[in-house]
Amino acid sequence: MLSSVTTPQDLDERFRAELAGLVAGAAARDLDEPVREDTALTGEQARALYDAQSTSRHLDLAARWLRSFDAGYYTIGSAGHEGNAAVAAALRPTDPALLHYRSGGFYCMRAAQVAGSDPIRDVLRGVVASAKEPIAGGRHKVFGHADLHVVPTTSTIASHLPRAVGVAYALGRGRRLDPPGGGHGWPADALVVCSFGDASINHAAATAAFNTAGWCDHIGLKLPLLFVCEDNGLGISVRTPDGWVAAALGSRPGLRYYSADGCDTAETYDRAAEAAAWVRRYRRPAVLHLSTIRLMGHAGADAEMAYRSPVEIAAELGRDPLVRTARMLVEAGVATPAELMTRYDEIGWEVRRVAEEVLGEPKLASASEVTAPLAPRRPVRVSRAVADAAAHLGADDRLEEAHGDAGRELDDDLEFTADTFSDDTLTAGTFSDDTFTAGTFSSGTAGHTADDFAADSDDWPEPERTPAPAAAVRPVSGTPRNNGSGHPASRLAAFGGKLPEKAGPLTLAQTINSTLTDAMLAYPQMVVFGEDVAAKGGVYGVTKGLRDRFGATRVFDTLLDETSILGLGLGAGLAGMLPVPEIQYLAYLHNAEDQLRGEAATMQFFSQGAFHNPMVVRVAGLAYQLGFGGHFHNDNALAVLRDIPGLVVAAPARAEDAAAMLRTCLASAVVDGSVCVFLEPIALYHTRDLHTDDDNWWLSDYAPPSEWPAIHVPIGRARAYSNGPNDDLTIITFGNGVRLSLRAAARLTAEGIHCRVVDLRWLSPLPVGDIIKNASDTGRVLVVDETRRSGGVGEGVIAALVDAGYVGVARRVAAVDSFVPLGPAANHVLVSEEQIVQGARSLLAR
């Protein structure tokens with residue numbers, strides 16, 4: 001009698017015994033006829049599915065065999081889930097798929113649809129961590145292949161679902177852009193399929209994806225997405241309550257619900273085909289709920305007898321989908337038990353042969369090999385991309401000048417600033433990388449209040465809208481009217497006849513707005529979205545007017561969920577777009593960090609660059625908003641971002657740096673597929689003055705495109721203010737610390753202490769070379785870190801100095817390990833100008 005414990009040997013023996021006992025039906029059907037009266041699945045299709053399911057089963061058995069002598073490293077299998085092969089059969093091989101880790105049957109069936117594919121070798125190379133594995137190259141065992149349009153996903157539970165929503169957005173709404181968002185040759189009528197387990201539906205990322213899909217459907221956005229829940233009733237050992245998945249998925253607004261017995265190949269195929277046809281025709285989301293089983297436990301090390309009874313295990317064995325497919329073929333008379341056994345053994349021997357071959361293949365042999373695809377950096381190409389964008393926009397400007405428009409006098413209602421500056425106004429352009437007059441410093445106000453910001457934002461009027469003829473207006477419920485053209489006729493037209501380089505010195509916020517406008521012109525595939533970015537123009541006015549210039553297809557408001565915002569970006573980038581999502585406050589990002597860590601940063605790592613998700617995430621953050629916020633609007637926690645391998649973190653302090661750095665981030669995303677976080681110091685958005693009221697030293701002129709190549713800022717390069725041979729110490733800082741340090745340096749100059757202030761600009765990767773050089777020049781380093789003392793940026797700077805063998809003195813001034821409190825109490829935990837002055841004095845006293 002066979003054991004009810006589903007070991008690989010028991011499962012194989014049980015299948016053979018069941019197959020030997022099958023009895024042929026009374027009448028044989030033709031291969032091109034349905035195998036049953038109640039299905040559209042033909043005999044030919046059923047035989048192909050049997051092959052795919054048998055291949056998946058043997059791959060699971062081989063993984064356990066390889067693990068038994070420490071040659072295999074992944075044993076989470078698909079046994080019991082092989083019915084998902086029928087989902088692949090019901091779809092097109094060009095439909096992008098983001099798969100559950102029990103989707104072996106789907107992968108094998110998808111491979112059978114694409115000539116030249118070798119799913120056996122693909123999967124086994126992943127199991128043994130072979131460097132020749134076609135998608136991850138031995139870095140992880142994932143289902144993925146660019147030629148099969150299978151996008152690799154991580155093992156993070158449900159984290160790929162928000163991305164799937166983003167891909168569907170790109171295929172639905174985004175494909176109307178020029179150029180279309182079809183980065184991998186996905187046809188215009190493609191749909192996205194995304195599979196997951198029953199336990200995953202309880203995860204926050206899954207609920208975010210379901211909610212966003214329903215929200216999009218509710219407001220009329222096209223979203224061709226088919227969710228597939230493979231419900232085996234268990235999350236490792238935790239049981240899913242009976243009826244919970246059906247209740248949870250069937251009641252989701254905006255999601256059409258389908259269900260099937262996932263162990264019945266014919267029924268699964270029919271329901272999958274029905275669901276796919278509906279999604280493809282109406283471009284709306286649906287969910288297919290498959291009831292499956294799990295054989296051989298969660299993974300190789302899982303002793304399921306500890307939490308499941310023999311009776312329960314035996315009952316599930318009776319639903320084995322491979323056995324049921326074989327029975328269906330035999331009863332239909334399209335195959336005999338002997339033929340099916342022969343085919344099963346042929347596949348088994350092929351799997352064994354390939355397994356023995358891949359055992360000897362090379363593994364990743366060094367850290368450099370492991371990290372090679374993580375975050376490629378091609379700075380020359382990035383620089384060239386910035387220059388190309390400048391040339392494109394410059395040609396546009398020259399054309400306008402030829403028609404006599406670009407030089408028109410600026411009106412008093414200038415969008416960028418309403419102030420008129422006198423001839424002797426000193427601009428931020430006074431500071432350069434090589435010159436700095438410390439003696440010009442004097443004391444002044446430390447910052448601005450929320451009221452100041454509100455007043456500044458009034459200087460940014462919405463452009464007047466030209467009403468469309470009544471017959472041309474087609475309102476869509478829940479969506480704003482598109483006031484822009486999507487791609488304005490010229491750069492001058494995009495700026496409403498007022499080019500920013502003609503507007504005089506601009507604030508940080510105004511400069512970012514202008515840079516985004518230029519970027520939208522340079523990159524037609526770029527989209528800007530987030531909470532309040534469109535109709536309102538951002539809570540600080542940074543995106544004001546963008547929707548009117550480029551339309552609601554390219555600039556739009558999202559629902560209030562950071563996981564969904566980043567998921568939209570990840571999917572849109574994967575589909576060939578250039579997403580620039582905004583996270584309204586740094587503190588809000590913490591709700592969604594795994595979308596950056598587990599999904600965004602890993603895509604190139606787990607696909608060797610076959611897939612990438614370029615994205616520039618704008619985040620308003622850091623502290624010093626006087627009179628407003630508390631910790632949720634003054635967050636200074638950056639450690640989690642700097643800990644993500646490959647993620648670029650930019651933190652501009654000055655307007656001219658922000659423009660150049662944002663252009664670099666966008667170009668790097670396009671050229672290298674980089675994922676960048678562009679951290680914008682809120683307290684500096686509308687700051688105008690450095691030392692005294694109305695000195696306007698924190699403003700900067702906007703550079704015309706012709707100057708962009710000359711002022712390009714590569715990733716990982718710092719900026720030094722003052723670079724003299726007689727500097728007494730080096731202050732290394734970033735963000736708000738730059739302004740505080742420059743003010744402190746003015747006071748120290750009056751005491752005869754000459755300071756070199758170094759703005760890191762890039763927090764990841766740190767500009768280590770510039771740190772070492774500027775530190776070594778003076779031999780005294782004061783690190784001014786507005787993040788927390790524990791886990792802050794300053795720790796990385798000090799570590800870089802130590803690693804490089806720096807022999808001078810150094811100390812840190814950092815924020816207290818505390819959340820930022822409301823009101824004046826914030827002054828007790830944040831770095832102050834006075835602390836910087838005292839820190840510098842103490843260094844010189846050593």
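The values are calculated or read from the model by the stated rules, or taken from the named source; none is laboratory data. On a predicted model such as this, the values are computed, not experimentally measured, just so you know. Cβ sites come from the backbone with ideal geometry, for glycine too, and all protein chains shown count toward neighbours. For the accessible areas, the whole protein counts, side chains as well, though only heavy atoms, and no ligand, DNA or RNA atoms are used. Shrake-Rupley method; radii C 1.70, N 1.55, O 1.52, S 1.80 Å.
Overview of results
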{"quantity": "Residue within the range 664-682 that is part of a loop (DSSP other than H, G, I, E, B) and under 29 Å from L830 (Cβ atoms) present", "calculated": "no"}
{"quantity": "Of residues in the range 112-127 being more than 19 Å from P321 (Cβ to Cβ) and among the small types (G, A, S), the one surrounded by the most Cβ atoms within 10 Å (Cβ to Cβ)", "calculated": "G126"}
{"quantity": "Residue match in the range 302-322 (condition: assigned to a helix (DSSP H, G or I), of a type in the set (G, A, S) and touching a residue at least 12 places away in the same chain (Cβ under 8 Å))", "calculated": "yes"}
{"quantity": "Residue among A85, A52, A97, A89 that is among the hydrophobic types (A, V, I, L, M, F, W, C), modelled with pLDDT of 95 or more and closer than 21 Å to R353 by Cβ", "calculated": "A52"}
{"quantity": "Close pairs from the range 364-384: first closer than 22 Å to A129 by Cα and charged (D, E, K, R), partner open to solvent by 80 Å² or more (accessible area, probe 1.4 Å) and at pLDDT 95 or above, Cβ under 8 Å, at least 6 apart", "calculated": "none"}
{"quantity": "Check on V142, among the β-branched types (V, I, T) and assigned to a helix (DSSP H, G or I)", "calculated": "no"}
{"quantity": "Qualifying residue in the range 756-766 (condition: out of contact with any helix residue (DSSP H, G or I) (no Cβ under 8 Å at 6 or more places or on another chain), in contact (Cβ under 8 Å) with a residue 24 or more places away in the chain and either surrounded by fewer than 22 Cβ atoms within 10 Å (Cβ to Cβ) or on the phi > 0 side of the Ramachandran plot (or both))", "calculated": "yes"}
{"quantity": "Count of the range 725-735 residues which are open to solvent by 10 Å² or more (accessible area, probe 1.4 Å) and in contact (Cβ under 8 Å) with a residue 60 or more places away in the chain", "calculated": "1"}
{"quantity": "Members of the range 354-388 that are more than 30 Å from V123 (Cβ to Cβ) and touching a Lys or Arg at 6+ places or on another chain (Cβ under 7 Å)", "calculated": "V386"}
{"quantity": "Selection from the range 227-271 of residues that are open to solvent by less than 40 Å² (accessible area, probe 1.4 Å), assigned to a loop (DSSP other than H, G, I, E, B), polar (S, T, N, Q) and at pLDDT 95 or above", "calculated": "none"}
{"quantity": "The range 43-56 residues that are within 14 Å of E339 (Cβ to Cβ), paired with ones that are of a type in the set (S, T, Y) and open to solvent by less than 40 Å² (accessible area, probe 1.4 Å) (beta carbon under 7 Å, 6 or more apart)", "calculated": "A46/T265; A46/T325; Y50/T325; S54/Y344"}
{"quantity": "Flag for A620 being out of contact with any Ser or Thr (no Cβ under 7 Å at 6 or more places or on another chain), farther than 20 Å from T517 by Cα and either small (G, A, S) or at pLDDT 95 or above (or both)", "calculated": "no"}
{"quantity": "Leading residue by the ranking (nearest to A188 (Cα to Cα)) among those in the range 76-111 that are of a type in the set (S, T, Y) and open to solvent by 20 Å² or more (accessible area, probe 1.4 Å)", "calculated": "T94"}
{"quantity": "Condition broken by S68, with the remaining ones in (1) buried (at least 24 other Cβ atoms within 10 Å of the Cβ); (2) without any contact (Cβ under 8 Å) to a residue 40 or more places away in the chain satisfied", "calculated": "(1)"}
{"quantity": "Residues of the range 596-633 classified as in contact with a Gly (Cβ under 6 Å, 6 or more places away or on another chain), outside any loop (DSSP other than H, G, I, E, B) and either open to solvent by 20 Å² or more (accessible area, probe 1.4 Å) or without any contact (Cβ under 8 Å) to a residue 60 or more places away in the chain (or both), total", "calculated": "1"}
{"quantity": "Residue in the range 769-780 that is in contact (Cβ under 8 Å) with a residue 24 or more places away in the chain, under 24 Å from A637 (Cα atoms) and touching a Gly at 6+ places or on another chain (Cβ under 7 Å) present", "calculated": "no"}
{"quantity": "Matching option when the condition is small (G, A, S) and more than 25 Å from V671 (Cα to Cα), among A375, A391, A303", "calculated": "A303"}
{"quantity": "Evaluation of R717 against (1) over 22 Å from the mean Cα position of the chain (by Cα); (2) modelled with pLDDT of 95 or more; (3) open to solvent by less than 30 Å² (accessible area, probe 1.4 Å) (one fails), failing number", "calculated": "(3)"}
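Rundown of residues vs (1) in a helix (DSSP H, G or I); (2) open to solvent by less than 10 Å² (accessible area, probe 1.4 Å); (3) in contact with an Asp or Glu (Cβ under 9 Å, 6 or more places away or on another chain); (4) among the basic types (K, R), yes/no style:
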{"residue": "G504", "(1), (2), (3), (4)": "no, no, yes, no"}
{"residue": "S514", "(1), (2), (3), (4)": "yes, yes, yes, no"}
{"residue": "V533", "(1), (2), (3), (4)": "no, yes, yes, no"}
{"residue": "G538", "(1), (2), (3), (4)": "no, yes, yes, no"}
{"residue": "R549", "(1), (2), (3), (4)": "yes, no, no, yes"}
{"residue": "T553", "(1), (2), (3), (4)": "no, no, no, no"}
{"residue": "L559", "(1), (2), (3), (4)": "no, no, yes, no"}
{"residue": "T563", "(1), (2), (3), (4)": "yes, no, yes, no"}
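Conditions tested, residue by residue: (1) of a type in the set (A, V, I, L, M, F, W, C); (2) on the phi > 0 side of the Ramachandran plot; (3) more than 28 Å from the chain's Cα centre (by Cα).
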site: A248; (1), (2), (3): yes, no, no
site: D261; (1), (2), (3): no, no, yes
site: T265; (1), (2), (3): no, no, yes
site: Y269; (1), (2), (3): no, no, yes
site: E274; (1), (2), (3): no, no, yes
site: R280; (1), (2), (3): no, no, no
